[in-house]
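The values are calculated or read from the model by the stated rules, or taken from the named source; none is laboratory data. Just so it is clear, the model here is predicted, and its values are computed rather than measured. Cβ atoms come from the backbone with ideal geometry, glycine included; neighbour counts cover every protein chain shown.
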């Protein structure tokens with residue numbers, strides 16, 4: 001969803017005034033005499049000014065303090081918020097209704113919902129995701145936008161790399177959600193240990209990548225060990241359902257512990273009774289009981 005036209009005009013007016021102030025301080029472009037002259041500049045010249053701005057973000061405070069354009073206090077608050085910009089390289093991993101999802105590199109990764117200014121993201125980047133872009137994200141009226149320019153790379157990823165990027169996105173979403181405003185506080189939105197553990201266990205690729213984190217979390221408390229057993233029980237049950245049907249078992253109930261079938265029966269009660277007779281009572285919380293249904 002594109003930024004409303006009036007908001008787009010408002011952003012451009014504020015942002016160009018800030019860049020004009022930077023140019024007035026540093027004399028980067030001798031031909032720039034008024035904020036309206038930005039529409040005559042080349043993308044390369046505008047990028048030179050942006051580089052100068054982001055290299056010394058304290059210029060934003062100076063602009064707000066000097067207020068050379070006589071902006072209202074609400075407008076100065078918007079400009080002041082740009083101190084919380086995020087500049088770097090991102091993977092664009094999803095086009096959603098209200099924004100595209102920009103995923104940061106590094107660890108821990110974060111996913112940002114970034115609204116386009118005028119042209120839909122898919123028109124700019126094409127339908128095939130993920131794509132790598134270099135961009136600067138800015139807060140604007142409780143949403144996240146970009147500063148008007150970005151560069152993209154025409155790289156196409158193999159299936160293994162796509163799985164890795166998508167797994168990183170799932171982990172970022174599990175840990176922090178999709179971030180839609182700046183500045184972002186991880187303390188306010190970090191997920192619980194159980195949510196993180198469930199996220200790590202969601203796919204085989206994720207389990208392979210995050211096995212160290214899984215080991216650390218599952219041994220952290222009995223409750224997390226129970227979460228681990230429940231999630232892995234689901235994984236093993238899917239495999240066993242297929243194997244049981246292959247050998248001719250049509251229906252029944254089965255109890256698993258650590259990926260091993262310990263008991264089976266015609267009803268859930270039968271399995272629970274068998275498990276209690278075979279394993280210590282404290283192990284019952286780690287048992288996963290599943291049903292095989294006849295088609």
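Here is how the numbers come out for the structure above:
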| read-out | value |
| --- | --- |
| Top-ranked residue of region 254-274 - restricted to ones that are in a strand (DSSP E or B) and more than 39 Å from the chain's Cα centre (by Cα), ranked as nearest to residue 229 (Cα to Cα) | 262 |
| Those residues of region 174-199 which are modelled with pLDDT under 85 and out of contact with any helix residue (DSSP H, G or I) (no Cβ under 7 Å at 6 or more places or on another chain), in sequence order | 185, 187, 188, 192 |
| Matching residues, region 101-110, being surrounded by 13 or more Cβ atoms within 10 Å (Cβ to Cβ), in contact with a helix residue (DSSP H, G or I) (Cβ under 7 Å, 6 or more places away or on another chain) and farther than 19 Å from residue 127 by Cα | 109, 110 |
| Top-ranked residue in region 236-253 [being touching a residue at least 12 places away in the same chain (Cβ under 8 Å) and part of a helix (DSSP H, G or I); ranked as surrounded by the fewest Cβ atoms within 10 Å (Cβ to Cβ)] | 245 |
| Conditions (1) farther than 20 Å from residue 97 by Cβ; (2) in contact with a strand residue (DSSP E or B) (Cβ under 8 Å, 6 or more places away or on another chain): number failed by residue 157 | (2) |
| Residue under evaluation residue 219, criteria (1) surrounded by 13 or more Cβ atoms within 10 Å (Cβ to Cβ); (2) over 19 Å from residue 101 (Cβ atoms); (3) touching a helix residue (DSSP H, G or I) at 6+ places or on another chain (Cβ under 9 Å), criterion not met | (1) |
| Matching residues, region 111-137, being within 19 Å of residue 159 (Cα to Cα) and either touching a helix residue (DSSP H, G or I) at 6+ places or on another chain (Cβ under 6 Å) or surrounded by 19 or more Cβ atoms within 10 Å (Cβ to Cβ) (or both) | 129, 130, 131 |
| Test set (1) at pLDDT 90 or above; (2) surrounded by fewer than 15 Cβ atoms within 10 Å (Cβ to Cβ); (3) part of a helix (DSSP H, G or I); (4) touching a helix residue (DSSP H, G or I) at 6+ places or on another chain (Cβ under 9 Å) - residue 283 fails condition number | (2) |
| Checking residue 100 against (1) in contact with a strand residue (DSSP E or B) (Cβ under 7 Å, 6 or more places away or on another chain); (2) closer than 25 Å to residue 209 by Cα, the condition it does not meet | (2) |
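For (1) in a helix (DSSP H, G or I); (2) within 30 Å of residue 115 (Cα to Cα); (3) assigned by TED's automatic domain parsing to the domain that holds residue 283, each residue gets a yes or a no:
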residue	(1), (2), (3)
157	no, yes, no
161	yes, yes, no
165	yes, yes, no
168	yes, yes, no
183	no, yes, no
198	yes, yes, no
207	yes, no, no
213	yes, no, no
229	yes, no, yes
